[in-house]
Amino acid sequence: HSQDQSDITWGVAYKIPESKVEETKAYLDHREKNGYETHYVDVYHSDSDKPVVEKAIVYIGSTDNSEFAGPAPLDHIAQQIYLSHGPSGPNKDYLLNLAHALRIVAPSSRDRHLFTLEAKVKELMLRDAGSQEAFELMLSKIIIFSHANPIAV
């Protein structure tokens, strides 16, 4: 999806105890294989222009790796996320957890791409309501936030 220089990437930084740095880095290097590159970035708190952490490690997926599927319609991306499962679990769980966490960490975020994918994956889950997971999802009141206006599905 399109990018703008004024875009902000929201997230959480974790301080790893010195005694666990090598073990944690080895774990993340394994988990983030297949097309992710290691970068070092400064991390800022939302209300400061001075970094709270310098040279934090971040893994970024690039478009020139063999696993990059290329640009695709959102319906196709949602379908792929819905059906895919990796060593860390179902991709749909990762997407839904990411959208939920972003609303908590950065309530003012307006990541339309992420929230649209979330809505489309939830639609696929509801479509396949024969499964227990989708049935439970249907029973709970799912709130999809479109900008600042909640929409009940």
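What do you get for chymotrypsin sites (Phe, Trp or Tyr not before Pro) in region 18-94 restricted to DSSP loop and a cutoff of at most 13 other Cβ within 10 Å of the site's Cβ?
Answer by residue number: 68.
Could you work out the local net charge near residue 52, counting Lys and Arg as +1, Asp and Glu as -1, over the other residues with Cβ closer than 13 Å to its Cβ?
Charge balance near residue 52 sits at -1.
When every alpha-carbon pair in region 1-68 is counted, what percent end up more than 13 Å apart?
74 percent
Are there trypsin sites (Lys or Arg not before Pro) in region 10-56 that DSSP marks as loop and that have at most 15 other Cβ atoms within 10 Å, and which are they?
15, 33
Excluding residue 82 itself, calculate the net charge of residues whose Cβ lies under 9 Å from the Cβ of residue 82, where each Lys or Arg counts +1 and each Asp or Glu counts -1.
Counting the neighbours of residue 82, the net charge comes to +1.
Every read-out reported here was derived from the displayed coordinates using simple, explicitly stated rules and does not represent laboratory data. For clarity, every value in this text was computed on a predicted model and none was experimentally measured. FYI the Cβ positions are ideal-geometry reconstructions off the backbone, even for glycines, and counts take in every protein chain you see.
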